[in-house]
Every structure is written in structure tokens, then in C-alpha cells.
Amino acid sequence: MATDYDEVRSDVKESQDNSLEALQSANAPDARSVVRELDEADAMDESIVPGGEFVAEELVVQVVPQAEDEFTCYSCFLVRHRSQIAREKNGHAYCIECEG
């Protein structure tokens, strides 16, 4: 007698039907509620720092103006002492590290 290997076995078919029924009867959340929960979670993530703590204080930084004996490198944009100028070209100064 010939066997049809393409036909689904009866035990496999039953287990597929059972798992499909289980998935359909499961208490799946509504799509709108999932989106709402994700939006709420994103709103909360904005106030969390990498350590996981809530920070409710304002960052205050004092900006010190560039001194007379300092320059800003035109390549790396770091403020350096005038003793570190390697070259000046077209009014722009370059530091030793960028030229070296």
C-alpha cells in the first residue's frame, strides 16, 4: 500500500489545532492598550538617567571665557595654551597634537 508523505499526521494535526485554540482563547491585550502603555513608558524614560534614578534638578555650568594666553584649535576645537600653537594659517591656529 502506498503512503502519502505530504499528508499531515493525525497526532500533529490535533496538537496544531489545540495550540491554535489555546492562543485564540488566551487573554491577549488590546492593541490600543499596548500602544498606550508603551507611550506612557516612553514618557517616563525621558526623566531617567543611565543609572536608573530619577533626577529632578537642573544642571548649572559656569562658562569661563577664553583667556588672553589661550587659543582654540581650528582642527580639534579644544582651548589650549598659546605655547601649544604649531602653526597659524589664514587667521586660524592649529595645536601641536593636530599637526604632529
If the requirement is being modelled with pLDDT of 75 or more and not basic (Lys, Arg), which of these qualifies: Val64, Val12, Val49, Val55?
Val64
Within region 61-100, residues assigned to a strand (DSSP E or B) and either hydroxyl-bearing (Ser, Thr, Tyr) or on the phi > 0 side of the Ramachandran plot (or both) come out as Thr72, Tyr94
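The values are calculated or read from the model by the stated rules, or taken from the named source; none is laboratory data. These numbers come from a predicted model, not from an experiment.
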